[in-house]
Amino acid sequence: MSKQIQVSGLDAYYGSHKAIEDVSMTIEPRSVTAFIGPSGCGKSTFLRTLNRMHEVIPGARVEGKVLLDGEDLYSSDIEPVSVRRAIGMVFQRPNPFPTMSIYENVAAGLKLNGRVSKSETDGIVEESLKGANLWNEIKDRLNKPGAGLSGGQQQRLCIARAIAVKPQVLLMDEPCSALDPISTLAIEDLMTKLKDEYTIVIVTHNMQQAARVSDRTAFFNLAAQGQPGKVVEMDDTSRMFTNPSQKATEDYITGRFG
Amino acid sequence: MSAIQRISTGRRIKDRVVQGLVYLAFALAVVPLISVLWLVIQNGLARFDLEFLTHSMRGIGARDAGGGAYHAIIGTLEQVLLASVIAVPIGVLTAIYLVEYGTGGRLSRTISFFVDVMTGVPSIVAGLFIFAFWILFLGIPFSGFAGALALSILMMPTVVRSAEEMLRLVPNDLREASYALGVPKWRTILKVVLPTALTGIITGVMLAIARVAGETAPLLLTVFFTDSINNDPFNGPQMGLPLYVFDQAARPNDTAIDRAWAGALTLILIVMLLNLVARLIAWWRSPSRAR
């Protein structure tokens, strides 16, 4: 299931503005990789280039290579839709489909992508909701609207929706920033559990969170306002937080700036 | 630092005065509505009976009592239905193009401009256009369908504008959530964006229908006029309720005037009924119902 991502020399643009420059890194399978850095440094933009969601924004484009187990996702004969099926995404704000019930939300990826039998869908919905640690809370109200859940439950519903299509990689863009500490804990536990099966990449503003959940951490920064963001340093999380090789990383992590 | 103050008498008075003005404005807006409804109901009930709803004006002389608007009701329903069948798909598809595909492009700006121009077209001009093009130039005789064509011209810009606004209200988060699941754009629009905006689009369509159901001028030039029942909108002159009211009200005797009032009442009831049906559909489709 889980696959490795190799990025080399990646630039991303919004129109003529270069948002990130020359990013190269390897994201290992069956691990959690965290991106940290100040606001506006291009972490989210970079995350979105990994499943070709960046180009959904008008005027946005990408240069460079992203290899998923050796296959270039930006090669001209690759179907972007299939990339997004292989690499799922969870957003900052929980965004369940308001017209659909909890069940339909989880089944959305399957239903919208083709025909699956009812019994098969039932199985996948239950499995995904269990995978997202949500099943016990909501198994009696699968037909209620997804928008009626609490924020933390909605976010876990979105995770269930993302893993229901069985992606190889799961990207999470600040998945806990709108949640209370208890829901955050639930989702962090979930990440630890999911990394047995998925490659997980998470963008976070919360340094403790990065330290708690991730195996490797990349620090993004920009030289000055208006300059493109770059990767300053990437290393094992334990090393990054105890003995970073770059001064800027240390300053950021210890709270001297950012 | 400024000190915490009590609300001054001056502000209290201003608050009261503005509040009073708002209530007054509301009353002023409601008075014409109530008085129109009251007048139509009061005068219309005299002839609003079974005979009126089931008989045409065929063989009813100028001074005769009796007669009805069955032919006009049939005509209005058929013409408005045909007009909706033409205008709603074109209007909604145009709105989808404007919002989802043609963001800021030259074509979408051109379309937007012409939709605005169409909104301002007087209804008689729409009628004249169909009269000149369909009836004079193509030589196709008067029919309910020609009337429906003219009405659809009037409906289209209203449908485009309201559907466009509703589609723009759909949060971009939902589109992205759908893309991130590997759903193609067209399916996202069909299964996520349209259902989310459906309630609003239906309301917009209903307003457009209510607007054209009362149009008289374009019908005068396109469906012509008849006192008989004509169930076939594609063949021969038809009648419409607004035309019926216009015709009956112009006659000098009380029986005809009563028929005109009853016709107006019927028209209002039809529009209100359509609105009710639309609200029911919207309520039935809304996600909050299951809560």
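The values are calculated or read from the model by the stated rules, or taken from the named source; none is laboratory data. A quick note: this is a predicted structure, and the numbers were derived from the prediction, not measured. Note that we place each Cβ from the backbone using ideal geometry, even for glycine, and neighbour counts take in every protein chain shown.
The table below lists the values:
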read-out: Given (1) in contact with a His (Cβ under 8 Å, 6 or more places away or on another chain); (2) in contact (Cβ under 8 Å) with a residue 60 or more places away in the chain; (3) assigned to a strand (DSSP E or B), number of the condition A:A12 does not satisfy; value: (2)
read-out: Residue list for the range A:157-183, restricted to those being under 23 Å from A:I36 (Cα atoms) and either without any contact (Cβ under 8 Å) to a residue 12 or more places away in the chain or part of a helix (DSSP H, G or I) (or both); value: A:C158, A:I159, A:A162, A:P181, A:I182, A:S183
read-out: Count - residues of the range B:57-100 that are charged (D, E, K, R) and touching a helix residue (DSSP H, G or I) at 6+ places or on another chain (Cβ under 6 Å); value: 2
read-out: Only listed residue being surrounded by fewer than 18 Cβ atoms within 10 Å (Cβ to Cβ), more than 18 Å from A:P167 (Cβ to Cβ) and either facing chain B (nearest Cβ under 9 Å) or free of Cβ contacts under 8 Å to residues at least 24 places away in the same chain (or both), chosen from A:S82, A:S101, A:S39, A:S76; value: A:S76
read-out: From A:G152, A:G109, A:G70, residue being within 23 Å of A:D196 (Cα to Cα), more than 13 Å from chain B (Cβ to nearest Cβ), buried (at least 16 other Cβ atoms within 10 Å of the Cβ) and at pLDDT below 90; value: A:G152
read-out: Candidates A:R48, A:R61, filtered to the one that is of a type in the set (D, E, K, R) and within 13 Å of another protein chain (Cβ to nearest Cβ); value: A:R48
read-out: Number of the exception - A:G226 against (1) within 23 Å of B:T196 (Cβ to Cβ); (2) part of a loop (DSSP other than H, G, I, E, B); value: (1)
read-out: Residue list for the range B:145-189, restricted to those being facing chain A (nearest Cβ under 9 Å) and among the hydrophobic types (A, V, I, L, M, F, W, C); value: B:L174, B:A177, B:A180, B:L181, B:V183
read-out: Odd one out for A:E21, checked against (1) surrounded by fewer than 21 Cβ atoms within 10 Å (Cβ to Cβ); (2) touching a Phe, Trp or Tyr at 6+ places or on another chain (Cβ under 9 Å); (3) away from chain B (no Cβ under 14 Å); value: (2)
read-out: Candidates A:V116, A:V90, A:V56 - the one that is surrounded by fewer than 20 Cβ atoms within 10 Å (Cβ to Cβ), facing another protein chain (nearest Cβ under 9 Å) and aliphatic (A, V, I, L, M); value: A:V56
read-out: Options B:F113, B:F142, B:F225: the member that is within 27 Å of B:A264 (Cβ to Cβ) and surrounded by fewer than 16 Cβ atoms within 10 Å (Cβ to Cβ); value: B:F225
read-out: Conditions (1) within 25 Å of A:D11 (Cβ to Cβ); (2) surrounded by fewer than 20 Cβ atoms within 10 Å (Cβ to Cβ); (3) in contact with a strand residue (DSSP E or B) (Cβ under 6 Å, 6 or more places away or on another chain); number of the one not met by A:Q225; value: (3)
read-out: Residue match in the range A:131-138 (condition: of a type outside the set (D, E, K, R), facing chain B (nearest Cβ under 7 Å) and over 20 Å from the mean Cα position of the chain (by Cα)); value: no
